[in-house]
Amino acid sequence: MKQILIILFLVLSFIRGYSQELFPYAEAASTIPKNVLGMRFMFEGFKEIPSQRQRNWGAVRAMYGITGKTTLMVTAAVSNHHQRKFPANLQNYFINHHQRNYKPNPYLVEGINIYLKQRVISIDDFQKHLRVALFGQACKSFTAHDESEPFLKGDNTGYGGGAIVTLLNKRFAISFTYAYAHPLMYKDKEQQITFQSGDAHNYDISFGYRLYPSKYSTYNDLNINLYVEFVNRSYEAAKMTVRDAPYNFTYLQSFDKNTYYSLMDGKYSEIRPSIQLIMNSNNRVDVGCAYPIYGRSYAHFYPLFFFNIQKYFYFSKKKKNI
């Protein structure tokens, strides 16, 4: 019982002290306390153009503090973004799959992601700290991704890693994330098709501000945090072969330029404003949206809306009687 109370106090202090760096999109350099489990439900949705059909992505993430400096995350995602495999008529698919008259994609288990974060630097002071973490991740996808921009949250089988630097000063937090993603090749041996998205580099900057309360009175105080996150990504063009011959996407320029550009190399910047509510120091809700400010992503349309729900659970190993 004493150990459970200690863990509970540490988690409440973590959430209360650093709530403005619980970024809705990016991961901060801070880690979850040891033997604490966090569960997060995530949703993203947007209207496909020109069909105006709703495209949705949802995921459940389990986050566990292996040690005070090491956090493990496992994420399982479901979406209607892709098909299980490429259809036999590739030309018809690429020309028409964003059109209203084309068969909509079913909801499928998209993939599973494993993410490990290790905090390597902690410089702490009263109401301020600087933290640096390194992370690595791997993903197994169960669908046929059909865009050059890779995502290791379920869309692509692949691996990647990077570094995070987070600074907290009283009610303000800022974080910078560099991430590299390398997607592996999708292979359909039956149809003799291969597809590989391009390597990608992310440079994300996140800002958080605790709007309320200005000072805490109890652990039950409602937290209201405001965030602005900038997603900056560059990636290489996709590569595809059919029966060992390179597949040429040039013809798509005459039919659907969104599809054509989604298969080329690109770079873009997005702004993601959001608001966050934390109730009773543990129940967290994020609501936000994404808009392009330079270029655009061709893997989704705009505006993109998202929300997250998260809660922590506390565990302690019982001592064995001797």
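Every residue in segment 253-283 that is at pLDDT below 95, of a type in the set (A, V, I, L, M, F, W, C) and crowded, with 17+ Cβ neighbours inside 10 Å, please.
Across segment 253-283, the qualifying residue is only Ile278.
Read through the list (1) touching a Ser or Thr at 6+ places or on another chain (Cβ under 8 Å); (2) modelled with pLDDT under 95; (3) closer than 23 Å to Leu263 by Cα; (4) of a type outside the set (S, T, N, Q), then give the number of the only condition that Lys103 fails.
Of the numbered conditions (1) touching a Ser or Thr at 6+ places or on another chain (Cβ under 8 Å); (2) modelled with pLDDT under 95; (3) closer than 23 Å to Leu263 by Cα; (4) of a type outside the set (S, T, N, Q), the odd one out for Lys103 is (1).
List every residue pair whose Cβ atoms sit under 6 Å apart, with the two residues 6 or more apart in sequence or on different chains, where the first one lies in segment 250-279 and is more than 25 Å from Gln99 (Cα to Cα) and touching a residue at least 40 places away in the same chain (Cβ under 8 Å) and the second, anywhere, is of a type in the set (S, T, N, Q) and not in a loop (DSSP other than H, G, I, E, B).
Here the result reads Gln276/Asn225; Ile278/Ser19; Ile278/Asn223, each pair linking segment 250-279 to a residue that is of a type in the set (S, T, N, Q) and not in a loop (DSSP other than H, G, I, E, B).
Which ranges mark the strands (runs of 3 or more DSSP E) fully within segment 200-307 that have 3 or more residues being within 16 Å of the chain's Cα centre (by Cα) and among the hydrophobic types (A, V, I, L, M, F, W, C)? Show your work before the answer.
Values: elements: 200-212, 223-235, 239-242, 266-279, 283-294.
In segment 200-307, 223-235, 283-294 are the strands (runs of 3 or more DSSP E) which contain 3 or more residues that are within 16 Å of the chain's Cα centre (by Cα) and among the hydrophobic types (A, V, I, L, M, F, W, C).
Considering only residues that are at pLDDT 95 or above and among the charged types (D, E, K, R), look in segment 28-47 and name the one that is farthest from Ile123 (Cα to Cα).
Restricting to residues being at pLDDT 95 or above and among the charged types (D, E, K, R), the top hit is Lys47.
Out of (1) part of a strand (DSSP E or B); (2) crowded, with 23+ Cβ neighbours inside 10 Å, what's the single condition that is false for Val120?
(2)
If I go through segment 88-99 residue by residue, how many of them are surrounded by 16 or more Cβ atoms within 10 Å (Cβ to Cβ) and either in contact with a Lys or Arg (Cβ under 9 Å, 6 or more places away or on another chain) or outside any helix (DSSP H, G or I) (or both)?
Step one: filter segment 88-99 for residues surrounded by 16 or more Cβ atoms within 10 Å (Cβ to Cβ), giving 93-98.
This time we only want the ones that are either in contact with a Lys or Arg (Cβ under 9 Å, 6 or more places away or on another chain) or outside any helix (DSSP H, G or I) (or both), so: 97-98.
Of the residues in that region, 2 qualify.
Which of the residues belonging to segment 137-150 are within 14 Å of the chain's Cα centre (by Cα) and either at pLDDT below 95 or in a strand (DSSP E or B) (or both)?
Gln137, Ala138, Cys139
Looking only at segment 94-103, decide whether some residue is in contact with a Leu (Cβ under 8 Å, 6 or more places away or on another chain) and in contact (Cβ under 8 Å) with a residue 12 or more places away in the chain.
Pass one, segment 94-103, residues in contact with a Leu (Cβ under 8 Å, 6 or more places away or on another chain): 94-95.
Subsequent filtering for residues that are in contact (Cβ under 8 Å) with a residue 12 or more places away in the chain retains 94-95.
Yes.
Going by what's in this entry, would Leu226 be described as surrounded by fewer than 21 Cβ atoms within 10 Å (Cβ to Cβ), modelled with pLDDT of 95 or more and under 26 Å from Tyr312 (Cα atoms)? Let's see the steps before the verdict.
Details: surrounded by fewer than 21 Cβ atoms within 10 Å (Cβ to Cβ): yes; modelled with pLDDT of 95 or more: yes; under 26 Å from Tyr312 (Cα atoms): yes.
For Leu226, the condition - surrounded by fewer than 21 Cβ atoms within 10 Å (Cβ to Cβ), modelled with pLDDT of 95 or more and under 26 Å from Tyr312 (Cα atoms) - is met.
Taking the residues in segment 49-65 that are outside any strand (DSSP E or B) and not polar (S, T, N, Q) as candidates, determine which candidate is modelled with the highest pLDDT.
First pass over segment 49-65, keeping only residues outside any strand (DSSP E or B): 49-53.
When the remaining residues are screened for being not polar (S, T, N, Q), the result is 49-50, 53.
On the way: Ile49: 93, Pro50: 93, Arg53: 96.
Here the answer is Arg53.
The values are calculated or read from the model by the stated rules, or taken from the named source; none is laboratory data. Predicted model only: the values in this text are computed from it and were never measured. Glycine gets a Cβ as well: all are built from the backbone with ideal geometry, and neighbour counts include every protein chain shown.
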